[in-house]
Amino acid sequence: MNNPVLVEVLRGAVVESRHRGAAAVLDADGTVMARWGDIDQPVFPRSAVKAIQALPLVESGAADAYGFGDREIALACASHSGEPEHVQLAAAMLDKAGLAVDDLECGAHWSFRQDVAVAQARAIDQPTAAHNNCSGKHAGFLCTCRHLDRDHRGYVALGHPAQDAVREAMEVVTGAVHSVDSCGTDGCSIPTYAVPLRSLALGFARLATGAGLGPERGRAARRIFSACMTEPFYVAGTGRADTRMMAAGKGRVFTKTGAEGVFCAAIPELGLGIALKCDDGADRASEVMVATVLALVLGEGDPLAQELRAMARPTITTRLGFDAGGLRPSEALSALPR
């Protein structure tokens, strides 16, 4: 099936581009509360599932053993911008476990933010792995290995105990089989598995409620969500969508972006999980999609929904800062499907 157009891009008053996609809203029992497009087609969630991948860090006792608070746990779930605070905290996490930046196996890149990248280029010859947007997640993997007295070398590889623990958590939380046949390699070199949006939305509803996870994993999930919603800057960074939405939510919504137009989210007070993908992988469209779906689920009279609707209509400006157009939800995304 062709997924519906969910986002339109305007230049002036004319629709210049269109983005198709699919989205699912589920409760923790697996009931589909709303859907757009094909939610059974497997997709790679990429970084959108870092909150699930961080469960072993908390469940193993590593987070407590190294004195990690909300900022460290949030960074373990982050696709951060490589700003100084992110880089310094990732290095500090490793130091607490007697590890070093050279132990990271995620690769290196400059900051996502142009101004920060320029400052970095003036100060250093090359970025380190601590600058990688996934360095917090990888620091979490390494700290878990060290706490459990496991050899951390090669921790990114399929079959390493660190990745076995992640795959087990992903399967239990989402209810979907994570098989070698559906496995690819993420940008930071760890395994990533293609599963349906339906399963991802169910997983985030379970994280939000603890349903089906057992007491220990349920507590770990609540702690992870709370940390991310309390410290949203450490999940993303200045001006980033996750940071802006969770800061506006003040503990009411959890969101996490992934590469190639994927987003996962949860509304704990309603016990609902959300998963979506923009077909062409455009982040600009997936951000409009997730803000719109959150607003629709929260309801018309909710002040947070009004803030999210505003975020779902970003302006496109010229190089001189003049308004040239914008993005908006399509008619298909204007209301909850019935």
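The values are calculated or read from the model by the stated rules, or taken from the named source; none is laboratory data. On a predicted model such as this, the values are computed, not experimentally measured, just so you know. Cβ atoms come from the backbone with ideal geometry, glycine included; neighbour counts cover every protein chain shown. Keep in mind that these areas ignore ligands, DNA and RNA; they rest on the heavy atoms of the full protein, side chains included. Shrake-Rupley method; radii C 1.70, N 1.55, O 1.52, S 1.80 Å.
Descriptive notes on the structure:
- Check on D125, of a type in the set (D, E, K, R), at pLDDT 95 or above, more than 20 Å from the chain's Cα centre (by Cα) and open to solvent by 20 Å² or more (accessible area, probe 1.4 Å): no
- Tally of residues being closer than 17 Å to F44 by Cα, out of contact with any helix residue (DSSP H, G or I) (no Cβ under 7 Å at 6 or more places or on another chain) and either touching a residue at least 12 places away in the same chain (Cβ under 8 Å) or surrounded by 19 or more Cβ atoms within 10 Å (Cβ to Cβ) (or both) across the range 158-171: 3
- Of all the listed residues (A305, A335), the sole one being of a type in the set (G, A, S) and modelled with pLDDT of 95 or more is A305.
- Residue check for C228: surrounded by fewer than 24 Cβ atoms within 10 Å (Cβ to Cβ), at pLDDT 95 or above and among the hydrophobic types (A, V, I, L, M, F, W, C): no
- As a summary of the residue check, F112 satisfies the conditions (1) farther than 17 Å from F233 by Cβ; (2) open to solvent by 70 Å² or more (accessible area, probe 1.4 Å); (3) in contact (Cβ under 8 Å) with a residue 60 or more places away in the chain; (4) not charged (D, E, K, R) except for the one numbered (1).
- Some residue of the range 91-101 being touching a residue at least 60 places away in the same chain (Cβ under 8 Å) and not in a loop (DSSP other than H, G, I, E, B): no
- Condition check for S79: in contact with a strand residue (DSSP E or B) (Cβ under 6 Å, 6 or more places away or on another chain), of a type in the set (S, T, N, Q) and at pLDDT 95 or above: no
- Residue ID - farthest from G299 (Cα to Cα), chosen from residues in the range 24-35 that are open to solvent by less than 40 Å² (accessible area, probe 1.4 Å) and out of contact with any Gly (no Cβ under 7 Å at 6 or more places or on another chain): G30
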